[in-house]
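The values are calculated or read from the model by the stated rules, or taken from the named source; none is laboratory data. A quick note: this is a predicted structure, and the numbers were derived from the prediction, not measured. Here Cβ is always computed from backbone atoms with ideal geometry, including for glycine, and neighbour counts include all displayed protein chains.
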Amino acid sequence: MRKMILMAAAILLQQPARVRCVGGGVDLGLNKHLALRSQLDYIRTSFSGTYINMVRGSFGTVFRFGNP
């Protein structure tokens, strides 16, 4: 069983894989210590002639500490 796992890992390491990622985001300031952040990313992966396109989005709260 261990030989099969090592062989599979060696085959995967020989295959060229590429990842491309482009994205950005924006902060909407509510006051000097609090903001809302939204982000959107486009991710494209290729492995052995197979392409996968994904979009990743996130939304969250930003707390700022200290003097602005």
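Details
- Qualifying residue in the stretch 28-47 (condition: loosely packed, with under 10 Cβ neighbours inside 10 Å, more than 30 Å from residue 67 (Cβ to Cβ) and either at pLDDT 85 or above or among the polar types (S, T, N, Q) (or both)): no
- Close pairs (8 angstrom Cβ cut-off, 6 or more residues apart or separate chains): closer than 9 Å to residue 62 by Cβ in the stretch 23-42, surrounded by 12 or more Cβ atoms within 10 Å (Cβ to Cβ) and of a type in the set (Asp, Glu) anywhere: 35/27; 36/27; 37/27
- Scanning the stretch 48-64 for residues that are part of a strand (DSSP E or B) and surrounded by 13 or more Cβ atoms within 10 Å (Cβ to Cβ) yields a total of 1.
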